[in-house]
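The values are calculated or read from the model by the stated rules, or taken from the named source; none is laboratory data. The shown structure was predicted, so the numbers you read here are calculated from the model rather than taken from an experiment. We place every Cβ from the backbone using ideal geometry, glycine too, and count neighbours over all the protein chains shown. For the accessible areas, the whole protein counts, side chains as well, though only heavy atoms, and no ligand, DNA or RNA atoms are used. Shrake-Rupley method; radii C 1.70, N 1.55, O 1.52, S 1.80 Å.
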Amino acid sequence: MWLRGQGFPKGYNFKEGEFNGWGTALKPSMEPIVVAMKPLDGTYKENASKWAVGGLNISGSRIGDDAVLINRWTDGAKPFGGGAGHPYEGTTQKGRWPSNVLLDEESAQLVEQQAKGASRFFYCAKANKRDRGNRKAVKDALSGDSAAFENTHPTVKPMDLMRYLCTLTATPRGGVVLDPFAGSGTTLLAARECGRVSIGIEVDESHCEIAATRLRHQQEALLQQKDQQ
């Protein structure tokens, strides 16, 4: 679940009469994120060995860089419900286990106000101006800048959020990222930056054009970086 502070209600507002001040929608401040795969082929281990998928890249997605003490029961006992009295050893791990709750920067600041240091338990992300493009860039494109664009998609996802999700699901042999609701192409851009193949599906042609422009922009930037190296 991605919690965000910014968002606009998309409903009807009563402006006149006895119902003045009423509305039909709340501000959207959360979005569910579904990360899915095909059914397992055998056990998790067998599926991972055959298809290189089936698990989450915990080590590559840990939150923060502070040292965290982890206890491991040496005789295989479970830490909850059956670990009491069993031998265990402590190991230090850099970063915390990733959570199933993600925050944008504004939500993280609110959490921080409530409990100092609490935001280090959650991954934080927010769409920036680079993700959205701008009108000036569109005007500049008329003078020959083919990389300029304006991203008019109503719910642009942050690049760093999608990079995090691509990293979380990364596999030793690459794997393919499928986004059936590609929107303005942020998932595809993030997958490329993570060295992964991606497939995007989008019903809105104008959003497909935005995604194509962003991908072309990214490819040109990568080629420039390669030439400079």
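Side notes on the structure shown:
- Solvent-accessible area of Glu205 with every protein chain in place, 1.4 Å probe, in Å² to the nearest 10: 130 Å²
- Coupling constants for the range 62-70 follow from the phi torsions by the Karplus curve (6.51 cos²θ - 1.76 cosθ + 1.60, θ = phi - 60°), and in residue order they are 5, 8, x, 10, 7, 6, 10, 7, 10 Hz; glycine and proline get x.
- In order through the range 193-206: 3J(HN,Hα) via Karplus (6.51 cos²θ - 1.76 cosθ + 1.60), integer Hz, x for Gly, Pro: 5, 8, x, 10, 7, 9, 10, x, 10, 8, 7, 8, 5, 5
- Each Lys or Arg adds one and each Asp or Glu subtracts one; over the other residues with Cβ under 14 Å from the Cβ of Asp65, this totals +3.
- For Val177, the residues 5 or more places off, or on other chains, whose built amide H falls under 5 Å of its own are Val197, Ser198, Ile199.
- Area of Val176 that stays accessible when all protein chains are in place (1.4 Å probe, Å², to 10): 90 Å²
- The range 157-229 shape via C-alpha gyration tensor axes, a/c threshold 1.5: oblate
- For Ser184, no residue has an amide H sitting under 5 Å from its own, ignoring neighbours fewer than 5 places away on the same chain, with H placed 1.01 Å from N.
- Per-residue SASA entry for Asp160, accessible area with 1.4 Å probe, Å² rounded to 10: 50 Å²
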